[in-house]
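The values are calculated or read from the model by the stated rules, or taken from the named source; none is laboratory data. What you are looking at is a predicted structure, and each value in this text was computed from that prediction instead of being measured. Positions of Cβ are backbone-derived with ideal geometry, glycine not excepted, and every protein chain shown enters the neighbour counts.
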Amino acid sequence: MTIVLVSDGMLEREACRHLANAFQQHERPCLTVSPAADAELRLDPQLLPGHPALEQASAIGLFLQDPADIRSFLSNYRALCHHLGRQPAAVFSGPLVPLVGDALIADLSQRLGCDLLMVSGDQQIKQLEALSFNWPESLARPTAIATGFWFPSNAPNQPVAQPMLLALIQETIPTHIGAREQLLRQLNRWAWDQPHWTVMLQRDHPWSADRPLFPDDQPIAPNLHSATPGQLLPLLSSCTACLTVSSPWILAAMQWGRIPVIVGDYGIHEEQQTTRFFGSGVMHRLRSIRNLDQLLQLPRVNQHWLAETGGCISDGANRLLQALDRLQAGRTP
């Protein structure tokens, strides 16, 4: 029997690759499904319910960008199993980023049809219990477990000798008009002022090579570079410091001991997705950072916050397998 891992986005595919590697170490057969070319089965997730690959599935992990797509998948898959007289496999899912408060409940409410919910850390488990204690008994809740982050606990590389700032550029954040361009100009000024640093721009989302970050007429510092696809995790482990408004990938830099900088110029708001970093201790305003060397004096992440968010969990795949085994034992006639 095979565990099928289904994804459709960049972060989701990375999570499935990480889980697949861990499952293989536990000698559990696994199949990754995605529209991307690097998947073992290249397929639109919404076309999967009727695919023969699910006939031998012991469990299905759904990691889709839009949680509403999970309900559609579950409805189609379980209706087909009922029609064929076949017991559906257990389905597990969860937000890959450490959501808090209303955002956590809103996300998980879209996944209530799943048999098992995953969250990143113990803090999310506590919040889920606190925020849902008065739900009606008619609204069944699946079991929730904390499985840590979607990337390896240990960095694959050491930091490079020459100091490097990795700036994670998001697609639609910051939402203020002109704010993204202002951030890029600041990074370019820092690079011009201190040429002994390397400033690397890494988009945290898929992009087209014909869409440059800077206009052609803007002079770019020779030590400022744009990363190519596939460099994200290696750069996160090699950088000296990592800066972003709210990209969840900065959690890897935090976990691996790099200097994290959450740009706090836009406040702690759900619109900017900065609420998830409340308590991390690494939010700074750009005007308070005079130059790149000053980054070396900034504090590391609040380790208690990081641990509660999922940083202390290194056996997430094993926890997940044990929970799936318990589910399977309870479902066996």
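Does residue 325 satisfy the condition of being of a type outside the set (Val, Ile, Thr) and either assigned by TED's automatic domain parsing to the domain that holds residue 87 or free of Cβ contacts under 8 Å to residues at least 40 places away in the same chain (or both)? So residue 325 passes the test. The residue pairs whose first member lies in the stretch 228-251 and is within 25 Å of residue 99 (Cβ to Cβ) and in the same structural domain as residue 207 (by TED's automatic domain parsing), whose second member is among the acidic types (Asp, Glu) and assigned to a loop (DSSP other than H, G, I, E, B), and whose beta carbons are closer than 6 Å, counting only pairs six or more residues apart or on different chains, are 247/204; 249/204.
Note on the stretch 281-318: residues that are in a helix (DSSP H, G or I) and farther than 12 Å from residue 121 by Cβ amount to 12. In the stretch 222-234, the residue that is surrounded by the most Cβ atoms within 10 Å (Cβ to Cβ) out of those that are within 16 Å of residue 169 (Cβ to Cβ) and more than 16 Å from the chain's Cα centre (by Cα) is 224. When restricted to residues that are at pLDDT below 85 and either within 26 Å of residue 88 (Cβ to Cβ) or in a strand (DSSP E or B) (or both), the stretch 129-144 contains 9. Looking at the stretch 92-102, can you tell me whether even one residue there is in contact with a Lys or Arg (Cβ under 7 Å, 6 or more places away or on another chain), closer than 25 Å to residue 42 by Cα and among the hydroxyl-bearing types (Ser, Thr, Tyr)? Checking the stretch 92-102: at least one residue is in contact with a Lys or Arg (Cβ under 7 Å, 6 or more places away or on another chain), closer than 25 Å to residue 42 by Cα and among the hydroxyl-bearing types (Ser, Thr, Tyr). The single residue among 64, 31 that is assigned by TED's automatic domain parsing to the domain that holds residue 144, among the hydrophobic types (A, V, I, L, M, F, W, C), farther than 23 Å from residue 119 by Cβ and free of Cβ contacts under 8 Å to residues at least 60 places away in the same chain turns out to be 31. In this entry, residue 67 is excluded by the filter for residues that are in contact with a Cys (Cβ under 8 Å, 6 or more places away or on another chain), under 24 Å from residue 310 (Cα atoms) and at pLDDT below 85. Tallying residues that are surrounded by 15 or more Cβ atoms within 10 Å (Cβ to Cβ), in contact (Cβ under 8 Å) with a residue 60 or more places away in the chain and outside any helix (DSSP H, G or I) within the stretch 72-114 yields 8. Scanning the stretch 79-120 for residues that are acidic (Asp, Glu) and in contact with a helix residue (DSSP H, G or I) (Cβ under 7 Å, 6 or more places away or on another chain) yields a single hit, 115. Of the residues 183, 243, 236, 232, the single one that is at pLDDT below 95, among the hydrophobic types (A, V, I, L, M, F, W, C) and either under 19 Å from residue 285 (Cα atoms) or touching a Lys or Arg at 6+ places or on another chain (Cβ under 8 Å) (or both) is 183.
Each residue in the stretch 36-71 was checked for being closer than 23 Å to residue 111 by Cα, outside any helix (DSSP H, G or I) and over 18 Å from the mean Cα position of the chain (by Cα), and 10 pass.
The residues in the stretch 145-173 that are over 29 Å from residue 117 (Cβ atoms) and not in a loop (DSSP other than H, G, I, E, B) can be counted, and the count is 5.
The residue of the stretch 235-244 that is farthest from residue 206 (Cα to Cα), among those that are surrounded by fewer than 24 Cβ atoms within 10 Å (Cβ to Cβ) and of a type in the set (A, V, I, L, M), is 241. For the condition of a type in the set (Gly, Ala, Ser), more than 16 Å from the chain's Cα centre (by Cα) and more than 18 Å from residue 269 (Cβ to Cβ), residue 179 does not qualify. Going through 200, 254 one at a time, which residue ends up being part of a strand (DSSP E or B), surrounded by 18 or more Cβ atoms within 10 Å (Cβ to Cβ) and modelled with pLDDT of 90 or more? Only one candidate passes the filter, namely 200.
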